[in-house]
Amino acid sequence: MTQTYIEDIARHVGETIVIKGWLYNIRSSGKLIFPQIRDGSGILQCVVFKKAVPEEVWDACQTLTQESSVIVTGAVRADDRAPGGFEMDVTNLEVVSIAEPYPITPKEHGPEFLLDHRHLWIRSKLQHAILRVRHEVIRAVRDYFDSNGFILADTPIFTPAACEGTTSLFEVNYFDDEKAYLTQSGQLYNEATAAALGRAYAFGPTFRAEKSKTRRHLTEFWMVEPEVAYATLDDIMDLAEDFLCFVAARVLANRRPELETLGRDLSKLEAIQKPFPRISYDEAARMLVDGGQAFEYGGDFGAPDETFISSKFDRPVMVHRYPAAVKAFYMKPDPMDPTKALGVDVLAPEGYGEVIGGGERASDLQFLRDQIARHELPEEAFDWYLDLRKYGSVPHAGFGMGIERCVAWMCGIEHIREAIPFPRTIYRTKP
Ligand code: 4AD
Ligand code: MG
């Protein structure tokens, strides 16, 4: 008989089916044993009645330990009292492998222990729910761009130079003593693909040698980056707003049970609606000063600053026109005030901080040459990038969204490291 997945069980009421999975939990009372089986798609409560199964099946049930792998056959019954609304009356149970004593038990474990056992921890209910939300976020991201005229054009991971500043660059030995660097962002390449394709996006892993140990930073994270030829800062803010609303709506529509498992306050996600407030850096700085925050005008916002600013709004807030001095070399200066850059950060509510960074790119060749020198970047590594300003330079803009920041926010979880199957942080490259 072919395998049925627990998520499809409602279509099989009254039928005898086969479930292949692992023992999640088990309890017994006299002539009844209640194994709970998980198969990755859900958890099913099973009922083994001593008189309804061969003796060896009954005996095998007594040996089952947490996470033992089993193949269970039985008839599906709707039962309002059962978790999930269905139960299976077992007619056969085959043990595939008896698990050794499982390290993760229902008692509390510390975060380091759980992270050391990340390869097993992902089987737990909450982690399982987070990974399913992550998949939905990624699917929504792809669907959004794929159905709005964007062409996926992925960018390289080995790169010749920094995109987002040299302090967070991972260096690798390439061949013959040549150095290469792990990409911090596909943006510079996106500018080339946008000039070729009009609207392009890249989606892949990016790397930051961030020494920061905050709950928002990973050293390896996934970023989606759209880039649009002829777009301005305002255009890209419209796009970021529409995009985030789409992603949140999709997660709400398709991953409600997971959000409920996580105890997420759904009203916070329902509030992600257009229009998002748009404020300038100067306005945000004034809010901080007026609010008595310790903040030095001219600097970038720290995590507490972002949390303070976003706490004033019930939906994401877009902060634009940061001081050029704190932003990347490629940003276009504001013609009204060239000390400001036409960049935007989208700050998520509830303290999730910056989920999107982007803006309009400088299109002037000489300005970029000067910027590369000013930022002490190697001009020879950027010759191809400067070509984009020589051959039909146009205004253009784009942004990047960190998938894990978005997933952590959607799930309402404390730390970004739970938003990726195997997190990489300053102290962790294992498992
Ligand atoms: O603001 P960032 O550094 O912007 C860029 O890299 C641009 N070149 C993107 C572009 O315009 N195409 O990073 C963009 C986003 C941040 O808003 C955040 O969501 C995420 O990437 N991010 C991180 N996520 C996890 N860990 C880190 N260390 C991150 N650094 C940035
Ligand atoms: Mg940023």
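The values are calculated or read from the model by the stated rules, or taken from the named source; none is laboratory data. In this text the structure is predicted, and so the values were computed from the model without any measurement. Ideal geometry is used to build each Cβ from the backbone, glycine not excepted, and the neighbour counts take in all protein chains shown. Surface accessibility is based on the protein's heavy atoms, side chains included, excluding ligands, DNA and RNA. Shrake-Rupley method; radii C 1.70, N 1.55, O 1.52, S 1.80 Å.
Annotations
- For the chain, a crude dipole built from +1 on the beta carbon of Lys and Arg and -1 on the beta carbon of Asp and Glu, taken about the Cα centre, is about 1120 debye to the nearest 20.
- Checking every one of the GluC sites (Glu not before Pro) in the range 175-256 against DSSP loop status and a limit of 15 other Cβ atoms within 10 Å picks out E178.
- Candidate lysines for bridging to K51, where Cα separation is under 30 Å - those fewer than 8 sequence places away on the same chain excluded: K20, K31
- Kirkwood Rh, angstrom, the chain [1 / mean 1/r, Cα pairs]: 24.3 Å
- Candidates per GluC sites (Glu not before Pro) in the range 1-80, loop by DSSP, up to 15 other Cβ within 10 Å: E15
- Net length gained if the chain between K211 and S29 were fully extended (0.36 nm per residue, minus Cα distance): 60.2 nm
- Helix-only CD estimate at 222 nm, as mean residue ellipticity for the chain, using -39500 (n - 2.57) per DSSP H run (n ≥ 4): -9000 deg cm²/dmol
- Under a 5 Å amide H cut-off, with hydrogens placed 1.01 Å from N, E354 pairs with A348 among residues at least 5 apart or on other chains.
- Cα-derived Rg over Rh, computed across the range 28-90 with Rh taken as Kirkwood radius: 0.94
- Contour minus Cα-Cα distance for E296 and D80 (0.36 nm per residue): 71.9 nm
- Relative counts (whole %) of C-alpha pair distances in the range 278-378, using bins that are 10 Å wide: 16, 46, 27, 10, 0
- Unsatisfied cross-links (Cα-Cα over 30 Å) in the set K125/K312; K211/K390; K312/K340; K211/K332: K125/K312; K211/K390
- Segments 77-86, 390-399 sorted - mean Cβ within 10 Å per residue, highest first: 390-399, 77-86
- Gained length - A10 relative to D143, 0.36 nm times residue gap less alpha-carbon distance: 45.1 nm
- The apolar share of the surface of the chain, taken as the fraction of accessible area on carbon and sulfur atoms (1.4 Å probe, ligands and nucleic acids excluded), comes to 52 percent.
- Rounded Å value of the spacing that divides the Cα centres of the range 247-270 and the range 385-403: 35 Å
- For the range 1-140, the solvent-accessible area works out to 52 Å² per residue, with a probe of 1.4 Å and every protein chain left in place.
- Estimated inter-spin distance, E380 and H109, nm [label 7 Å along Cα→Cβ]: 5.1 nm
- Bins of 5 Å, starting at 0 and running to the largest distance - Cα pair percent for the range 336-422: 3, 12, 16, 16, 15, 11, 11, 12, 5, 0
- Cβ-defined net charge surrounding I26, 13 Å radius [Lys, Arg +1; Asp, Glu -1]: +1
- Protection-proxy order for peptides 339-345, 59-65, each taking the mean of Cβ atoms within 10 Å per residue, highest first: 339-345, 59-65
- Approximating the spin labels as points 7 Å out from Cα along Cα→Cβ, the R424-to-E270 distance works out to 4.0 nm.
- Ordering of 125-132, 257-264 by packing is 125-132, 257-264, highest average first (other Cβ atoms within 10 Å, averaged per residue).
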